[in-house]
Amino acid sequence: MSKIKTTFFCQNCGTQHAKWQGQCSACKEWNTLVEEVIQKTAPKSWDSSLPDENSLSRKRAPQPQRISEIDATESPRLDTTNAEFNRVLGGGLVPGSITLLGGEPGIGKSTLLLQVCLNLPYKTLYVSGEESAQQIKMRADRIKQKVDHCYILTETKTQNIFRQISEVQPEVLIIDSIQTLQTDHIESTAGSVSQIKECTSELIKFAKETNTPVLLIGHITKDGNIAGPKILEHMVDTVLQFEGDRNHTYRILRALKNRFGSTHEIGIYEMLGYGLREVINPSEILISQRGISLSGTAIAATMEGMRPLMIEVQALVSTAVYGTPQRSATGYNLKRLNMILAVLEKRAGFKLGQKDVFLNITGGITVDDPAIDLAVVAAILSSNFDIALSSQHCFSAEVGLGGEIRPVSRMEQRVHEASKLGFEKVFIAPAKLDFKNTGTNVQTFTKIEDLVRYLFS
Ligand code: TYD
Ligand code: MG
């Protein structure tokens with residue numbers, strides 16, 4: 001009997017080691033090596049278990065081609081009929097591409113891909129290793145669409161999946177989740193580094209050889225990375241992340257890597273009882289109560305990728321009960337909040353040192369755009385003075401350590417969005433731009449003190 005062969009794989013980068021060691025010599029991470037059983041057998045192609053006449057890979061062994069003879073006209077992308085999904089992909093699914101969708105458990109990855117799958121006007125195969133066909137059917141019924149071209153397969157062995165593929169001949173393949181797949185060529189358990197690597201490379205070969213787009217769902221680990229080796233993200237063409245707060249209904253789809261488009265685009269969805277609704281005009285829903293002016297609320301004109309987004313910032317400033325005042329921020333960087341409070345104290349003379357400050361971005365989203373700074377300042381001071389700001393005003397500028405108000409990128413787009421949504425005044429840093437034809441009053445300031453004097457006196 002042959003001896004069982006084992007090796008050690010780094011769970012972080014996927015490097016193989018002959019023996020155990022505390023630190024991975026490739027990525028220098030500690031305690032990431034795990035022993036896995038491997039037993040490689042000769043056949044490695046995705047359709048090697050099929051009879052010869054069905055094998056596509058053996059029929060089409062690639063030949064070297066002159067570069068001048070390669071047809072570079074882009075094959076048309078498949079329209080997913082989901083505008084937000086298309087946007088994030090860069091205009092639709094590229095034939096033969098592999099897309100990985102990651103996200104926390106319960107965020108709606110299966111729902112999103114099932115919905116895309118049901119809406120695609122092509123023959124699709126949805127392979128699930130996690131749920132039964134009945135469960136998927138129940139979900140499909142919730143999404144309320146009756147279609148005939150969508151096939152469901154509950155299977156985890158890649159060889160069996162490829163056998164079914166050669167029968168069904170789907171035009172789009174969806175795998176829910178890559179961590180549940182297992183190939184016969186390797187003996188380690190499903191979800192281990194070697195299995196994930198091997199199954200993914202089989203699927204990549206399948207996608208490239210048959211020009212079928214493949215969508216994979218990937219689990220993520222506690223610290224938010226896609227489970228399995230980093231190498232998985234290198235292998236695929238596109239990495240998407242589905243994120244949002246599970247207690248809020250909004251979900252954001254982002255591209256972390258995209259070989260066929262930009263990574264700046266985002267898609268916004270709302271999770272409803274009947275699946276995910278595409279949010280075409282996000283600014284309107286992120287602003288909770290238009291028309292009512294409350295103290296401590298300010299609106300920021302931010303950009304998420306290429307899309308302008310109006311976001312509501314809420315602040316609460318109250319007298320500290322304990323010796324150490326509390327500072328808390330939801331959806332905004334706490335360090336940046338502390339910096340802004342220090343600037344307000346030092347440059348504008350506000351005694352916020354003895355105050356508790358709470359900051360919240362409504363809608364459960366997180367903002368990194370520095371243009372939100374000015375709205376944060378306005379919200380904090382508005383709550384501090386208990387004077388409401390007009391709900392017809394919005395802010396868009398970065399605040400520097402000297403209390404100076406600095407310009408941000410894409411000012412025209414932000415001002416244009418503000419005017420489109422009916423804001424009467426936009427507060428920004430001085431910019432050499434002409435906003436005359438935007439229909440909105442643009443007010444520029446260079447220092448926080450001037451803005452404060454203008455707003456609160
Ligand atoms: P799911 O797609 O199973 O998440 P994942 O695959 O990322 O783990 O979605 C889970 C949540 O979505 C679940 O808590 C219920 C909710 N949901 C709705 O609110 N409405 C719906 O129509 C569907 C199908 C799910
Ligand atoms: Mg799922």
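The values are calculated or read from the model by the stated rules, or taken from the named source; none is laboratory data. Remember, it's a predicted structure, so these values are computed and weren't measured experimentally. Neighbour counts are summed over all protein chains in view; Cβ atoms, including those assigned to glycine, are modelled from backbone coordinates with ideal geometry. All accessible areas refer to the heavy atoms of the entire protein, side chains included, with ligands and DNA or RNA removed. Shrake-Rupley method; radii C 1.70, N 1.55, O 1.52, S 1.80 Å.
Computed quantities for the displayed model
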read-out	value
Largest-first principal axis extents of the Cα set of region 80-278 (Å)	42, 37, 29
Average accessible surface area per residue within region 80-278, 1.4 Å rolling probe, Å²	39
Charge dipole magnitude, Cβ of K and R +1, D and E -1 - region 80-278, Cα centre, debye nearest 20	280
Around K335: net Lys/Arg minus Asp/Glu count, Cβ-Cβ under 14 Å	0
Separation between Cα centres of region 67-130 and region 242-282, rounded to whole Å	14
Cα long-axis angle, helix 109-119 against the chain (0 to 90 degrees, to the nearest 10)	70
Surface accessible to a 1.4 Å probe, per residue, for the residues of region 1-41, Å²	69
Partnerless cysteines, meaning none of the other Cys C-beta atoms lie under 4.7 Å away, in the chain	C117, C150, C199, C394
Region 367-457 - charge dipole about Cα centre, Lys and Arg +1 at Cβ, Asp and Glu -1, debye rounded to 20	280
Debye, to nearest 20: dipole size of the chain, +1 on Lys, Arg Cβ, -1 on Asp, Glu Cβ	580
Sites matching trypsin sites (Lys or Arg not before Pro) across region 416-457 that sit in DSSP coil, with at most 11 neighbouring C-beta atoms within 10 Å	K432
Within the accessible area of the chain (1.4 Å probe), percent carbon and sulfur	50
Most positive-pole-ward Cα, L153, A207, C24, against dipole of the chain from beta carbon charges	C24
Length-normalised contact order for the chain - Cα pairs under 8 Å, 6+ apart - percent	13
Which of T80, S166, H219, positive extreme of dipole for region 80-278 (C-beta unit charges)	T80
Charge dipole (the chain, unit charges on Cβ, about Cα centre) - positive-most of S457, I143, Q11	S457
